[in-house]
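Report on one structure; see the data block that follows.
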Amino acid sequence: MTLRGSWAIGVLVALALSLAINFTVGGFFAARSVFGPDHPPPRGGFSGFLTAADRAFPPQMREALRDDLFNDPTVKANFDAFRAARQEMYAAMRADPYDPAALEAALDKIQASTSALQQAGHQALERIMAQTPADVRAEIGMHRRGRDGPRDGDRRGPPPRDDDPAPPPR
């Protein structure tokens, strides 16, 4: 059977519309699975660096750590040095001819700035822990999801809240 004329145009329009709807719905569900409520969208820069580092801490501690680190000018300088060294690394990798010494120098700068950032984070954590009450410290690691979060048997993630829906039957 061959379609001709207005029927052929109608079928093509319906097919295109169906594909558009399927891709839209599929994209929506794919985005929800990646960037849903348990997975905040990735943020770049220093804020993204902190987000990855502080998921195990209760909200009060996260805010205190962020305030402490964001207000430390040496942290900003070390993070800027890290970003500059990373750009140097990319440039060394793209260079023609390839210069292994340039890449090694950039990697050494990345390691130094990363170590300085880690040291600043450790110092900030020590300051915040000294000021954090025991009831808040008791929550550390309880809100983290993922490989190294708390476990209850084979179940991963935080304990269920009263307003969580019941899990589906198995």
- How do Val136, Val13 rank by accessible surface area computed with a 1.4 Å probe, from largest to smallest? Val13, Val136
- P(r) weight above 21 Å for region 48-118, C-alpha pairs, percent: 39 percent
- Query: In a shell of Cβ-Cβ distance under 14 Å around Gln119, excluding Gln119 itself, what net charge do Lys and Arg (+1) and Asp and Glu (-1) give?
  - Reply: -2
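The values are calculated or read from the model by the stated rules, or taken from the named source; none is laboratory data. Bear in mind the structure is a predicted one, so any value in this text is a computation, not a measurement. Using ideal geometry, Cβ is built from the backbone for each residue, glycine included, and neighbour counts are taken over all protein chains shown. Note: accessible area is taken over every heavy atom of the protein model, side chains too, but ligands, DNA and RNA are not part of it. Shrake-Rupley method; radii C 1.70, N 1.55, O 1.52, S 1.80 Å.
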